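The values are calculated or read from the model by the stated rules, or taken from the named source; none is laboratory data. Remember, predicted model here, so these are calculated numbers, not experimental data. Positions of Cβ are generated from backbone atoms using ideal geometry, with glycine treated the same way; all protein chains shown enter the neighbour counts.
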Amino acid sequence: MRSFALTARPPAGEAGPAPIERDPDIIASRLEDAAHFTGGHATELVTPVSEAQVADVMRKASSVLPVGAQSSLTGGATPMGETILSTARLKGIESIGRDRVRVQAGVSIAELDRQLELASKYYPPAPTFDGAFVGGTISTNAAGAATFKYGVTRQWIEALTVVLPSGDVLDIERGATRVHEDGHFELHLADRSVRVDVPRYRPPDVPKVSAGYWTGPGLDLIDLFIGSEGTLGIVTAATLRVLPERPAFCLAFVPFPERYGCLRFVARLRELAQQTWRDRDPRGIDISAIEHMDARSLAIIREDGIDRANGVGVPDRTSMALLVTIELPPGMSAEQAYDEIGRARLPGAPDTPLVRLTTMLAEAGVLESVEIAVPGDRARTAQLLSVREGVPAAVNARIGRAKHARDRRIEKTAADMIVPFSGLERLLSLYDDEFARRGLDVAIWGHISDGNVHPNVIPRSYEDVESGRAAILSLAGEVLRMGGAPLAEHGVGRSRIKQELLRMMYGDEGIAAMRRVKRAIDPEWKLSPGVLFSRDTT
Ligand SMILES: Cc1cc2nc3c(=O)[nH]c(=O)nc-3n(C[C@H](O)[C@H](O)[C@H](O)COP(=O)(O)OP(=O)(O)OC[C@H]3O[C@@H](n4cnc5c(N)ncnc54)[C@H](O)[C@@H]3O)c2cc1C
């Protein structure tokens, strides 16, 4: 039965204190996440093996920062004096059912995918970095390349087990606990009951928004915790929905000589894929992701030899390249794929998704430059993915070098904005104008099928960092006016600029409403203080 109230239970599993590490050398390796903010510090790292040990840490420590793989790009997994609670030992895959899997928080997405592949199943909403842990992806409501077809992590979570700052445990099942019509939940803990009034702002209507606490009419309690960046409770286990049958995948690296033609091609591919889903057409083109790299990203790939290392040719004067994921019927073989592609331009070719796609590439005038990884060709798939993933790594390396050689204050200066797809061309023009006006060197890549791309400044000085931040704030205003969100998938964390973007999205009243939620569930402000917003001092 549905209710707006939920009663907590005592923690289960192996009791006693969690294993604790105080060796400064070991702790030193946990003081940064992938945002590489400076100033991380901590004296304790705990690695609980059970829910009961997580609860024990929560009761005894004065402040706690849960961490998964620390791949956060926002500083949200950078300790600032808290006890670091790593979920690395909560790594059991408890059950794999027909379309559900029960996992502990410390299982990596890569390991989950390996086990699911053995069972021919598939969990689609994975971030690009597959070393991320399930608990981290839930806490950031991660999204990835395949959001276009499959949505974000939130849409795949059926149940959560969460340890609250009090040490009480909530088992939250999707659909079982919905907000009261006057906008509150009730949580019955061991020694008190808590009223949680939910915020009344409305997140923008775009495929990805990872910005503060989720809310809306009929809010499900599970959705308040998903994406809350570890500020309300520690996820110890989750039930994920999975596809009972794993599709076959084909990747295509597609370079375009000019941007407008490339954007038109993306728009057409999106339309065709949506039509295929609508009509359930087995011959239709089915796309789950379209990633893109702009001209500057491609120049970096060439400068660093990433293209040569992976045997991928990027023609001169390419101004934008795509990495397209095509889904094909389960079990389709490499031979069958090559056969269809080879016959696509011949008379009497069969009408299949790959034939249609090959024809489309030929008509766009780019077929000769396309690089393909057919189903089952893991080596070629890895190479094409390495080209796309090589861009952020190469940009981060440049930032690291500038930081050491020029100014210690230099840091990652990047935006994670999303607009409705129809506004993407305008957004890219706005980026061009704003960054050119400021004389900034910027590479842009991302999830173009969602209208979500990441401009990254390549700073030559601290002034570039400051100018890049000002550009992001100014562009965020435009993005909000276009019905988009300046915080799409990376969350907010401890980033000052992202915290300012959160305020721009929901206003001071929105932040105050989030603080009330936090205060109700975590009155001592014990969990992740400084993540999302500054610590409550009232
Ligand atoms: C190369 C690269 C590519 C990336 N691509 C994407 C992408 O495509 N899409 C995307 O969304 N993100 C992406 N990210 C960001 C990052 O991978 C995701 O945010 C991911 O979900 C973080 O998982 P994690 O296990 O590393 O969590 P961490 O970084 O360890 O933690 C992230 C946040 O969640 C909290 N947290 C962690 N575990 C728990 C838990 N069990 N309970 C409660 N709170 C917890 C932490 O306190 C922190 O606030 C990328 C990062 C890198 C480095």
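Residue-wise test of (1) of a type in the set (D, E, K, R); (2) at pLDDT 95 or above; (3) touching a Pro at 6+ places or on another chain (Cβ under 8 Å).
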site	(1), (2), (3)
His188	no, yes, no
Ser193	no, yes, no
Val206	no, yes, yes
Pro217	no, no, no
Ala237	no, yes, no
Leu243	no, yes, yes
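Scanning segment 431-459 for residues that are more than 19 Å from Ala34 (Cα to Cα) and in a loop (DSSP other than H, G, I, E, B) gives Arg438, Gly439, Leu440, Asp441, Gly451. Selection over segment 26-68 of residues that are β-branched (Val, Ile, Thr), away from the ligand (no atom under 11 Å from the Cβ) and not in a loop (DSSP other than H, G, I, E, B) gives a count of 4.
Those residues that are more than 6 Å from the ligand (Cβ to nearest atom) and under 9 Å from the mean Cα position of the chain (by Cα), I need them from segment 129-144; list them, please.
Taking segment 129-144 and keeping what is more than 6 Å from the ligand (Cβ to nearest atom), we get 130-131, 134, 138, 141.
Scanning segment 129-144 gives a single hit, Asn141.
When residues of segment 460-519 are filtered for being assigned to a helix (DSSP H, G or I), in contact with a Phe, Trp or Tyr (Cβ under 8 Å, 6 or more places away or on another chain), of a type in the set (D, E, K, R) and within 16 Å of the ligand (Cβ to nearest atom), how many remain? The total comes to 1.
Scan segment 69-87 and tell me whether some residue there is within 12 Å of the ligand (Cβ to nearest atom), within 27 Å of Tyr150 (Cα to Cα) and more than 16 Å from the chain's Cα centre (by Cα). For segment 69-87, residues within 12 Å of the ligand (Cβ to nearest atom), within 27 Å of Tyr150 (Cα to Cα) and more than 16 Å from the chain's Cα centre (by Cα): present. Filtering Leu189, Leu232 for residues that are of a type in the set (A, V, I, L, M, F, W, C), over 22 Å from Arg100 (Cα atoms) and surrounded by fewer than 20 Cβ atoms within 10 Å (Cβ to Cβ) leaves a single hit, Leu189.
Just wondering, is there one or more residues in segment 20-37 that are under 30 Å from Lys403 (Cβ atoms), polar (S, T, N, Q) and crowded, with 22+ Cβ neighbours inside 10 Å? No, segment 20-37 contains no residue that is under 30 Å from Lys403 (Cβ atoms), polar (S, T, N, Q) and crowded, with 22+ Cβ neighbours inside 10 Å. Tell me, please, whether a residue that is within 11 Å of the ligand (Cβ to nearest atom), closer than 21 Å to Ile290 by Cα and touching a helix residue (DSSP H, G or I) at 6+ places or on another chain (Cβ under 8 Å) can be found in segment 109-117. The answer is yes, given that some residue of segment 109-117 is within 11 Å of the ligand (Cβ to nearest atom), closer than 21 Å to Ile290 by Cα and touching a helix residue (DSSP H, G or I) at 6+ places or on another chain (Cβ under 8 Å).
Scanning segment 399-430 for residues that are assigned to a loop (DSSP other than H, G, I, E, B) and small (Gly, Ala, Ser) yields one hit, Ala415.
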